[in-house]
Amino acid sequence: MQANIVLLPGDGIGPEVVTEAVRVLEGIASKHGHSFSFTEHLMGGCSIDKYGSSLTEETLAACQAADAVLLGAVGGPKWDDPNAKDRPERGLLALRKGLKVFANLRPVKVHPALMEWSPLKPEILEGVDILVVRELTGGLYFGWPKGREIKDGRERAVDTLEYYDYEIKRVMHLAFKLAKGRKKKVISVDKANVLESSRLWRQIATQIGQEYPDVELEHMLVDTASMRLITGPAEMDVVVTENMFGDILTDEASVLAGSMGMLSSASLGESGPGLYEPIHGSAPDIAGKGIANPVGTILSSAALLRHSLNLEKEAATIESAIDEVITSGARTNDIGGKLSTTQMADEIITRL
Ligand code: IPM
Ligand code: MG
């Protein structure tokens, strides 16, 4: 298999973790006789610094033409000025929109050896295996109108939570399909007691659910879901939700896994390249120190092999190597160890 992978290392610890994920992918390629070519582009704050834009047309075009895109992280204090006309995060949103990756898959599993790193009790963490399907190109992040104005002498800001039926349908179908290969339970999260967009969300979830009679559907309000994530996460299977609710719930869910550094994500569309990124941010406080946990990005590269290149066996090889490494006690700083980013990746590579 030949594949053209675009790398967007981004800012902060992004380049450090992407470098390690590439070494893992190269290891897989040489072992299984694949040939992956990697092309690197700037995106985020580094792209603002060099080109004056967080995502240039050239970079977006290169991503659109690739088989898959692997991203590190974007952002940092340097680009945090609220009055700046461009921000690293804007580039990320434009990239998601430009690749039409409407569904963001965020798996949350708890490795038994890392339970002590979660503030939750082990009996609550036992058996947790959740897949959050976050809608990624609509909702509060993209709805129109959006902006600021002076109205009646007062400063006013507005964001809009907007959904079209088709946007909900496609992400729902994906959630139900994925649930069929798992425990066959979908929790659709909304705020239907207050929001009109959530009432449409719930109506469509019910409607699509009827097409999957073997999958159980439960509707849950987002405030309840945030509580259930820490009181009964083991009862959850697939959770599908609006963009911003998903953003918030997945940071909460990462606490179950012991560290944000452990979690991966895959953003998928109807067709075209997928976008793969760890769920953690650019971590400016530890950038350049070589101590970031590369596991989230390496797991994202496994997801890349699975979803974009159809290399299930190779993806599973990486995942079980990571399982073994964690079991063996190898740890980066965030999970109480002393291994560097590169040493942690070395541990994984020797087990491929
Ligand atoms: C995430 C991040 C992004 C988001 C930011 C960096 C724009 O928090 O991927 O969860 O809100 O989607
Ligand atoms: Mg987030």
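The values are calculated or read from the model by the stated rules, or taken from the named source; none is laboratory data. Nothing here was measured: the structure is a model prediction, and the numbers come from that model. Cβ coordinates were reconstructed from backbone atoms using ideal geometry, including for glycine residues, and neighbour counts include every protein chain displayed.
With the structure loaded, tell me whether Lys180 is out of contact with any strand residue (DSSP E or B) (no Cβ under 9 Å at 6 or more places or on another chain), outside the structural domain of Glu277 (by TED's automatic domain parsing) and more than 16 Å from ligand 2 (Cβ to nearest atom) or whether it fails that test. Yes, satisfied. Those helices (runs of 4 or more DSSP H) of the stretch 210-320 in which 2 or more residues are touching a residue at least 12 places away in the same chain (Cβ under 8 Å) and either more than 21 Å from Leu136 (Cα to Cα) or among the aromatic types (Phe, Trp, Tyr) (or both) occupy 222-231, 295-307. Residue check: Asp323 meets all listed conditions (1) more than 26 Å from Val222 (Cα to Cα); (2) in a helix (DSSP H, G or I); (3) within 16 Å of ligand 1 (Cβ to nearest atom); (4) not aliphatic (A, V, I, L, M) but one, namely (3). Return the total of residues in the stretch 231-248 being surrounded by fewer than 23 Cβ atoms within 10 Å (Cβ to Cβ) and within 10 Å of ligand 2 (Cβ to nearest atom). Summing the residues that are surrounded by fewer than 23 Cβ atoms within 10 Å (Cβ to Cβ) and within 10 Å of ligand 2 (Cβ to nearest atom) in the stretch 231-248 gives 3. Being surrounded by fewer than 19 Cβ atoms within 10 Å (Cβ to Cβ) and within 16 Å of ligand 2 (Cβ to nearest atom) is a property that holds for Glu89.
Scanning the stretch 184-208 for residues that are small (Gly, Ala, Ser) and under 17 Å from Ser226 (Cβ atoms) returns Ser188, Ala192, Ser198. Among the residues of the stretch 100-133, the one identified as touching a Ser or Thr at 6+ places or on another chain (Cβ under 6 Å) and either among the charged types (D, E, K, R) or without any contact (Cβ under 8 Å) to a residue 60 or more places away in the chain (or both) is Arg106.
The condition of being away from ligand 2 (no atom under 16 Å from the Cβ), at pLDDT 95 or above and touching a strand residue (DSSP E or B) at 6+ places or on another chain (Cβ under 8 Å) does not hold for Leu275.
Table: residues versus (1) modelled with pLDDT of 95 or more; (2) closer than 21 Å to Glu167 by Cα; (3) over 22 Å from the mean Cα position of the chain (by Cα).
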site: Lys183; (1), (2), (3): yes, no, no
site: Ser188; (1), (2), (3): yes, yes, no
site: Leu195; (1), (2), (3): yes, yes, yes
site: Ser198; (1), (2), (3): yes, yes, yes
site: Arg202; (1), (2), (3): yes, yes, yes
site: Tyr212; (1), (2), (3): yes, yes, yes
site: His219; (1), (2), (3): yes, yes, yes
site: Arg228; (1), (2), (3): yes, no, no
site: Thr231; (1), (2), (3): yes, no, yes
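Here the stretch 232-278 is the region considered, the condition is being more than 24 Å from Arg331 (Cβ to Cβ) and of a type in the set (Val, Ile, Thr), and the residue that is nearest to ligand 1 (Cβ to nearest atom) is Ile248. Comparison of Val158, Val171, Val186 shows that the only residue that is assigned to a strand (DSSP E or B), of a type outside the set (Gly, Ala, Ser) and touching a residue at least 24 places away in the same chain (Cβ under 8 Å) is Val186. Within the set Asn293, Asn310, the sole residue that is in contact with a Gly (Cβ under 9 Å, 6 or more places away or on another chain), polar (S, T, N, Q) and more than 16 Å from ligand 2 (Cβ to nearest atom) turns out to be Asn293. For the stretch 94-111, the count of residues that are of a type in the set (S, T, N, Q) and more than 19 Å from Ser254 (Cα to Cα) is zero.
Scanning the stretch 75-93 for residues that are without any contact (Cβ under 8 Å) to a residue 12 or more places away in the chain and charged (D, E, K, R) gives Asp80, Asp81, Lys85.
For the stretch 288-301, check the following and say yes or no: at least one residue is assigned by TED's automatic domain parsing to the domain that holds Ser37 and out of contact with any Ser or Thr (no Cβ under 9 Å at 6 or more places or on another chain). Checking the stretch 288-301: at least one residue is assigned by TED's automatic domain parsing to the domain that holds Ser37 and out of contact with any Ser or Thr (no Cβ under 9 Å at 6 or more places or on another chain).
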